[in-house]
Amino acid sequence: MKNKTELATKFAHLGRPPAGLGTSVSHPVTRASTLLFEKAEDLYRNDIRGYGRHGTAVHDALAELFTELEGGVGALLYPSGVAALTGPILSIVKPGDHILLTDSAYGPTRSFCQTFLKRMNIETTFYNPRVGAGIAELIKENTSLILLESPGSLTFEIQDIPAIAQAAKARGITTLIDNTWSAGITLSPLPMGINISIHAATKYFGGHSDVMYGAAVFADRARYKKAQQTAKQLGNASSPDDAYQILRGFRSVLPRFRQQEATALALAKWLMTRDEVQQVLHPAVTDHPDHELWKRDFTGSGCLFSVVLQPLTDADVLKFIDNLNLFGIGYSYGGFESLAIHCDPQLRRNCAAPLRGPLVRFACGLEAMSDLKSDIEQSLATVF
């Protein structure tokens, strides 16, 4: 369990240049492709950076912070959250393999497995996110990877992470989790036995909806080195300017996250009292089916949750979204502005309990909770 004050102090001080006479508080941005050397033999050394694609001091500082956040042995940086997922996956799988993917997974992860990996003759089985230790029964001789996401990005099921990690470890299978929802602040999956933790840093760490970025943090050096080699072979690189913005976002992520987390929970609890709402899908509310698992494994929640509205026509659901004034209509979350999206049709094959009603997902920004509440209330009145 992370100490909040300690984490805040680390975020403020790690990854900064040592103080000197007039040293800048943050690393300056270095923009370079070619790096020059005094001696020809230095071009082929493995202990120094040889080319701009391999990063800068800003990238090093950012990787240090992500490593510290998750308690890993190292972190790799990517130009987007999707790249942070697909890069490590490609470092693990090979043609003929089988992977297990939670049915509650992020849409681009599903698409990557069903198209790109399928062309590589890699089979994907979608599993019920509430399967827990039962995952062992789905493992095949050629299973090489289990992909988790807790909670799910639309339907918010909480997975039994330690049980799945234990079953995977017993068979020598790599586990990878998309940990974006918690920002690594309220969930620490690596100590639970997960091998790789992924962040779409675009969201909380960007914080302003103006930069895309991703990171993968590794629990062991062997998988880290293999993914690092794959990243180099695939030409993975990210802009130093983007890395700088994410590093800057790290400095203020905790107070922003805490405000958004509190707003989302307060809004979710209020929506539970509304007759227009059948169900609130937020693991921190007591009637969530996975609330006890959430209490066991998490130290808090996040800014994102969904609601199942009472039956409406598709046109009225869209009208509800359109009539919101403070919630933008767009993907992502973790920025300063609130967002709302219509999540139907629900791309789920193996859910524990199908939802009976339109699904709407809210992402809470930094606006006052009272204003967001009033906005939802006036929009509900236009369709009910």
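Can you give me the Cα centroid spacing of region 359-384 and region 1-68 in angstrom? Computed from Cα coordinates, the inter-centre distance equals 42 Å. Database remark: amide H of S153 closer than 5 angstrom to the amide H of Y106 (H placed geometrically; neighbours at sequence offset of 5 or more, or on other chains; Pro and chain starts carry no H).
Take each peptide in 145-155, 273-283, count the other Cβ atoms within 10 Å of every residue, and average; sorted highest first, the result is 145-155, 273-283. Of the GluC sites (Glu not before Pro) found in region 4-110, the ones in coil according to DSSP and having at most 14 other Cβ atoms within 10 Å of their Cβ are E38.
Quick one: net charge of T143's neighbours, Cβ under 14 Å, K/R +1, D/E -1? Neighbourhood net charge equals 0.
Comparing L380, G172, Q259 along the charge dipole axis of the chain, the residue lying farthest to the positive side is G172, per the Cβ-charge model. Look at where the Cα atoms of region 276-310 and of region 175-217 average out, and the two centres are 19 Å apart. Among beta bridges identified by DSSP and lying wholly in region 4-248, the antiparallel ones come to about 35 percent. Once you've got the Cα coordinates, tell me which of K94/K226; K169/K226; K94/K225; K169/K232; K94/K232 are over 24 Å apart. K169/K232, as the Cα separations exceed 24 Å there.
Which of the lysines could a cross-linker bridge to K373, judged by Cα under 23 Å and excluding same-chain residues fewer than eight apart? Straight-distance partners of K373: K203, K269, K319.
Could you give the semi-axes, largest first, of the ellipsoid that matches region 255-342, computed as the square roots of 5 times the alpha carbon gyration tensor eigenvalues and rounded to whole Å?
23, 18, 10
Each residue of region 220-231 was assigned a 3J(HN,Hα) from its phi angle through the Karplus curve 6.51 cos²θ - 1.76 cosθ + 1.60 (θ = phi - 60°); the sequence is 9, 6, 5, 5, 4, 5, 5, 5, 5, 5, 4, 4 Hz, with glycine and proline shown as x.
Under 13 Å from the Cβ of P311, count the other residues' Cβ atoms, weight Lys and Arg +1, Asp and Glu -1, and hand me the total.
-4
Per DSSP H run of n ≥ 4, the term is -39500 (n - 2.57); total these for the chain, divide by its residue number, and report the mean residue ellipticity at 222 nm rounded to 500 deg cm²/dmol. So the calculated ellipticity at 222 nm is -10500 deg cm²/dmol. In a fully extended conformation the segment linking V73 and L366 would gain 102.2 nm over its present Cα-Cα distance, using 0.36 nm per residue. Electrostatic tally near L265: other residues with Cβ closer than 14 Å to its Cβ, Lys and Arg +1, Asp and Glu -1, net +2.
Quick one: if the Förster radius is 25 Å, what FRET efficiency do D241 and R49 give, using the C-beta to C-beta distance and rounding to 0.05?
0.90
Of the two radii for the chain, the radius of gyration is 0.98 times the Kirkwood radius, both from the alpha carbons; that is the Rg over Rh value.
Label separation (A57 vs A262): 3.7 nm, computed from points 7 Å beyond Cα along the C-beta direction. Simple spin-label estimate for K94 and E377 gives 6.2 nm between the two label positions (7 Å along the Cα-to-Cβ direction from each Cα). Spin-label pair A12-K39: with each label point 7 Å from Cα along the Cα-Cβ axis, the two points sit 4.4 nm from one another.
Read-outs: derived from the displayed coordinates by stated rules, not from any lab. Keep in mind the model is a prediction, meaning the values are calculated, not measured. Here Cβ is always computed from backbone atoms with ideal geometry, including for glycine, and neighbour counts include all displayed protein chains.
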